[in-house]
Each structure stands twice: as C-alpha cells, then as structure tokens.
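The structure appears right after this line, and notes come after that.
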Amino acid sequence: MEYFDIAKAKLDKLRNRDDYYILAIESSCDETAVSIIRGRAIISNIIATQIEIHKRFGGVVPEIASRNHILVIDNLVLEALSKANLTFDNIDVVAVTYGAGLLGALLVGVSYAKALAYSLELPLVAIDHIKGHICANFLVYKDLEFPFVCLLVSGGHTEILKVNSYHNMEVLGTTRDDAAGEAFDKVARVIGLPYPGGPEIEKTAKNGQNNIKLPRAFKGEKHLDFSYSGLKTAVINYVHNLQAKGLEYNVADIACSFQTEAVGVLITNALKAVKKSKANILVVAGGVGANEALREGLLEQGKQLNLQIKLPPKALCTDNAAMIGEACYMAIKEGILPADLSLDADCSL
Ligand code: KG4
Ligand code: ZN
C-alpha cells in the first residue's frame, strides 16, 4: 500500500475514539510550538518564543523566524515526548499548521511534520491556524459543543463567527482594514513601545487615563463589521500634532484611550452578534483575547445579558500547538482526510 492509503486507513480507525495521541506542530509566526493532545486533554505543551530576537527589529523578520524554527524544532519534539513520558511509538497522528502565516516559517513545520509522518507511517493532518485558535476552547471547556459564536481576535484576524462545526463557520462581522492585534502593534510603535505591541499597550495603559477622544467607526450602523485604520490614524495624528508643536504627549494616556476604544468596539459587536444569533455562548480566540480590559469587559457586560462567556487562559489565546492538536481531534471526528506528501504551506489561507 502507498503511504497515503496506509495513513487514511489508520485515521479512519480513530474517528470515533478519543484515547489516541496527536503530536501537533505550530510554526506559523515567531513561536515554535509542539504539543501532545489526547481527546480534550493537553498531555504536554511546549513553546519556544522568538520575541526577544525580533524585538530589536521592532517586529517579526520572516527570514530570521524561519531560521530559528529550524534550530529548535527537533529538540522541542523530543522534549514534548519526554514531558509526556511517551515515545514516537505511542503517537497515532501528526498535526501541523499549514496556513495562514509566514511562508518560510510555515514550511519549517510542514516539512518537519511530513518527514515525521512519512517515516513513522502515521496520518498527517493539515490544520488552519485560525481554526486552531477557536478549538483551544475545547481544551478548557470540556462540555463546549458546536454551535457557538466566536470573537476571533489575532494579529491578522478580527472576526465574529457563527461556528456551526469544524468545517462550517459563517462570518457575522469582520474587519474592513486592519486586524485588532495589528492596530495594537502599529499604535505601540507610534508611541515608542516595543514589539509585541498588544501586551506592551496593556501594561502601559494601567498607568494612564482614558482622556483622549478617539473616533469609533460605523457608529449606529446595523452591520457588525470593524474598522481599525481610522482609530490608528487618529492616534498617529494626535501624536504628530503635539510633536509639531514641540509638546510632550502622555504615552500611558494614549495607550489607555486607544485600548479602551479598541476593545470597546469588540465587546459591543461581539455581544450584539450573540444576541442576534440567539446562541447564548460567546467564545473568545486569538492573541488579543489575552487582553485583560477585553476579558473583564466581556465578562461584566455578558453577565448583565445572561450570556456565557468562554475565555481560554491567556497562554491558550496566544500562539501554541495544543490548539492545533485539538483542532486536529475535532477535524478527525468530522471526517477530515489525511494530507498527502504534496502538502504545501499556504500563507494566505
Ligand atoms: O493569535 P496571535 O498570538 O498570533 C496571530 O495568529 O496573529 O496574536 C498576536 C496578536 C499580536 O498583534 C499581539 O500584539 C496581540 O495578539 N496581543 C495582545 C495581547 N497579547 C497579544 N493584544 C492586546 N493585549 C494583549 N494582552
Ligand atoms: Zn495565532
């Protein structure tokens, strides 16, 4: 039998089970991550972050990211197995993020996973990074089932989704320009804060006040779309105007005012979407989901509306491989086919 037929036969035997081990690999941006998942449980979860390496450049340098993934991936896989007290013989499936992300960075994970799956004769499952973020919630909320509404807020995505199943998701609202995380990162740079901007703005905002009036896009409109470019431009203009006059600006106040507006619109639209969809569960996914102002606002306002708000722990909001393993588990239940050895990275998935 050819590799693909062997892999498919093995995967088909796992569809109704939850007692098998998935080894998951994530390398789409600046974190190399490996995790072992069994059903809805994390057996081991290891992350090597490159933040300190990219900080000096003010953002992720793709070529440097790829090279650093190559340096650590092999040891991370061995460490994930050792932490789980397992060997390659115990692994049943290999899962890998194949998009979206940086092409060279994705290719490191994809090539490694293909070689591993082929040499161990295991099924290889190709996972969409974004679906991974959403599925992180299944690891924490053991009784969570489809369908639900998800506020997905990462560096490249800002979407409100009706998640009907792993394969079926409807977009209820999306950004027309920048993603929320991207806006955090760009505004941080303008006010002189280091990369990554989101956590830096959050930290700085704690010492500031929400005292700068910033615009809200689509105020009063019925749709649930977002726009962050006007907000970002308003901050840039505010800073440039004061600089032109030779005046000081208060970084903490700008951080606080920007954060209040940036998360305010997420909260308003997400809660509107949940009410409109008649689901009463809102699930949060993606790096910006680690933001305390967003988390507190959602919990507080969600409670007033009698909604259930599901917030993964911060480490499962930002990039990790446990979410990729869990997405793989969900995908297998829904009949996904294994990838064949022609699997390629898809940076714009
Ligand atoms: O989901 P993620 O880790 O990677 C992508 O798939 O993009 O999200 C990264 C984004 C970055 O823009 C980062 O600045 C933002 O999430 N982020 C935050 C926080 N932590 C990470 N934004 C606001 N507050 C945070 N605490
Ligand atoms: Zn991500």
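The values are calculated or read from the model by the stated rules, or taken from the named source; none is laboratory data. Given the structure is predicted, the values throughout are model-derived calculations rather than measurements. Cβ sites come from the backbone with ideal geometry, for glycine too, and all protein chains shown count toward neighbours. Calculation scope for accessible area: heavy atoms of the full protein, side chains included, ligands and nucleic acids excluded. Shrake-Rupley method; radii C 1.70, N 1.55, O 1.52, S 1.80 Å.
Over the residues of the chain, the helix contribution to mean residue ellipticity at 222 nm works out to -14500 deg cm²/dmol, using -39500 (n - 2.57) for each DSSP H run of at least 4. With no solvent and one equal point scatterer placed on each C-alpha of region 249-349, evaluate the Debye formula and give log10 I(q)/I(0) for q = 0.18, 0.23, 0.25 Å⁻¹, two decimals. Those come out to -0.99, -1.20, -1.28, one per q. For region 145-314, a simple Cβ point-charge model (Lys and Arg +1, Asp and Glu -1, everything else neutral) yields a dipole of about 400 debye relative to the Cα centre. GNM on the chain, alpha-carbon springs under 10 angstrom: the most fluctuating residue among Lys276, Lys186, Lys314 is Lys276.
Ordering Ala41, Phe258, Asn137 by the projection of their Cα atoms onto the charge dipole of the chain, which places +1 on the Cβ of Lys and Arg and -1 on the Cβ of Asp and Glu, puts Phe258 at the extreme positive end. With a ≥ b ≥ c taken as the square roots of the eigenvalues of the C-alpha gyration tensor of region 27-168, please select rounded if a/c is under 1.5 and otherwise prolate if a/b is larger than b/c or oblate if it is not? Taking the square roots of the gyration eigenvalues as a ≥ b ≥ c, region 27-168 is oblate. When you filter the GluC sites (Glu not before Pro) in region 139-222 for DSSP loop state and at most 12 other Cβ atoms inside 10 Å of their Cβ, you are left with Glu145, Glu221.
I need the calculated FRET efficiency for the pair Glu121 and Asp143, taking r as the beta carbon distance and R₀ as 35 Å, to the nearest 0.05. The calculated FRET efficiency here is 0.50.
Nearest 10 degrees, 0 to 90: what angle lies between the long axis of helix 180-190 and the longest principal axis of the chain (Cα atoms)? Computed tilt is about 50 degrees. The convex hull drawn around the Cα atoms of region 122-216, when projected onto a plane and averaged over every direction, covers 9.2 nm². Against the chain, whose longest principal axis is taken from its Cα atoms, helix 292-304 shows a tilt of about 90°.
For the chain, the dipole from Cβ point charges (+1 on Lys and Arg, -1 on Asp and Glu) about the Cα centre works out to 1200 debye, to the nearest 20. For region 108-122, the Karplus equation 6.51 cos²θ - 1.76 cosθ + 1.60, evaluated at θ = phi - 60°, returns couplings of 5, x, 5, 5, 4, 5, 5, 4, 5, 4, 5, 6, 8, 6, 10 Hz by residue, with Gly and Pro reported as x. How much of the calculated P(r) for the chain lies past 37 Å, in percent of all Cα pairs? Tail of the P(r) past 37 Å holds 20 percent of the pairs. Distance between the pseudo-spin-label points of Asn75 and Phe88 (7 Å out from Cα toward the beta carbon): 1.9 nm. Cut-off 10 angstrom, C-alpha nodes, Gaussian network model of the chain. Which of Asp12, Asp128, Asp143 fluctuates the most? Its mean-square fluctuation being the largest, the pick is Asp143. Just want the answer: with Cβ charges of +1 for Lys and Arg and -1 for Asp and Glu, which residue in Ile281, Ala244, Ile267 is farthest toward the dipole's positive end in region 220-283? It is Ile281. Panel values: region 145-314, Kirkwood radius from alpha carbon pairs, Stokes-Einstein at 20 °C and 1.002 mPa s, translational diffusion coefficient 131 µm²/s. The distance between label points at Asp340 and Leu103 comes to 2.3 nm (points 7 Å beyond Cα on the Cα→Cβ vector). For region 231-349, relative contact order (Cα pairs under 8 Å, six or more residues apart, normalised by length) works out to 20 percent.
Residues in the chain average 43 Å² of solvent-accessible surface per residue, probe 1.4 Å, ligands and nucleic acids excluded. In this label model, Ile236 and Lys13 are separated by 5.7 nm, measuring between points 7 Å along each Cα→Cβ vector. R0 = 30 Å: FRET efficiency of Asn211 with Thr268, Cβ-based, nearest 0.05? After rounding, the FRET efficiency stands at 0.90.
With contacts defined as alpha carbon pairs under 8 Å and 6 or more residues apart, what's the relative contact order of region 145-314 in percent? About 27 percent, as a whole number. Taking 0.36 nm per residue of separation and subtracting the Cα-Cα distance, full extension of the segment from Ile53 to Met1 would add 14.2 nm.
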